[in-house]
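What follows is a set of notes on a single structure, which appears directly below.
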Amino acid sequence: LTTVPQKLPAATLANQCYNRMFSGCTNLNTAPELPATTLAKSCYRNMFNGCTNLTAAPELPATTLVNYCYYYMFSGCTNLSQINVSFDDWSHNSATSNWVESVAPTGTFICPKNLSLEYGIDRIPEEWTVKYIEDEPNYLTFTAEEDNVSVAVTESEQNGGDIQPAPYPQVSDDTTVESMSGAERLFERRNLPA
């Protein structure tokens, strides 16, 4: 198995629903999105165990862990070097048992600032860099659904002011980043093939 669905859309999970789903898929290099925010016992247990070509974990948006939810989830993913989590408490000791055993020796762990920095095969991988979600830039991103599409951004003033157009001309390069006047926010525009 080399490719998987782009997203596993279930919002409500059942006990052991994705247990071992991609375990041992050594040619798998991209994981599907896992958007569920409410976990169930053993839901992602061993899901990617032994996926040696996987380099980045899917974003894990759940804020509360349950028993065995991430148990051995990325164990044996020897090239895995990025994990992004939203939970802020390690209180369910069994939830992350051996979940990062034998991952890449260096990488990036992205988490909320209030998650305690604990290291080891049950927590944050040793020698990995920790970054905080709160420090990550939050870009407004557009992706073209058709070739050669221009994008215009409009912004209204606070308290019901007029909407003012803020056109940005189409460019031939893949990505540009510009500052929106008056808003002090970054705007990323992509003109990409559909």
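For (1) closer than 28 Å to Asn114 by Cβ; (2) out of contact with any Gly (no Cβ under 7 Å at 6 or more places or on another chain), each residue gets a yes or a no:
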{"site": "Val4", "(1), (2)": "no, yes"}
{"site": "Ala14", "(1), (2)": "no, yes"}
{"site": "Ala36", "(1), (2)": "yes, yes"}
{"site": "Ala57", "(1), (2)": "yes, yes"}
{"site": "Pro61", "(1), (2)": "yes, yes"}
{"site": "Ser81", "(1), (2)": "yes, no"}
Of Ser23, Ser116, Ser91, Ser102, the only residue that is outside any strand (DSSP E or B), at pLDDT below 95 and open to solvent by 40 Å² or more (accessible area, probe 1.4 Å) is Ser91
Selection from region 5-15 of residues surrounded by fewer than 16 Cβ atoms within 10 Å (Cβ to Cβ) and in a loop (DSSP other than H, G, I, E, B) yields Pro5, Gln6, Pro9, Ala10, Ala11, Ala14, Asn15
The one condition Phe109 fails out of (1) assigned to a loop (DSSP other than H, G, I, E, B); (2) under 23 Å from Pro137 (Cα atoms) is (1)
Scanning region 6-42 for residues that are among the hydroxyl-bearing types (Ser, Thr, Tyr) and under 17 Å from the mean Cα position of the chain (by Cα), the one nearest to Ile83 (Cα to Cα) turns out to be Thr30
If we ask which residues in region 63-116 are under 14 Å from Glu127 (Cα atoms) and not small (Gly, Ala, Ser), their number turns out to be 11
Going by what's in this entry, would Glu127 be described as at pLDDT 95 or above and open to solvent by 80 Å² or more (accessible area, probe 1.4 Å)? yes
In region 26-39, anything surrounded by fewer than 19 Cβ atoms within 10 Å (Cβ to Cβ) and more than 19 Å from Val103 (Cα to Cα) is listed as Glu33, Pro35, Thr37, Thr38
Considering region 43-70, residues that are buried (at least 24 other Cβ atoms within 10 Å of the Cβ) and of a type in the set (Ser, Thr, Tyr), and then whichever is farthest from the chain's Cα centre (by Cα), we arrive at Tyr68
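The values are calculated or read from the model by the stated rules, or taken from the named source; none is laboratory data. What you see is a predicted model; the values in this text were computed from it and never measured. Here Cβ is always computed from backbone atoms with ideal geometry, including for glycine, and neighbour counts include all displayed protein chains. Areas reflect the complete protein model, heavy atoms only, side chains present, ligands, DNA and RNA absent. Shrake-Rupley method; radii C 1.70, N 1.55, O 1.52, S 1.80 Å.
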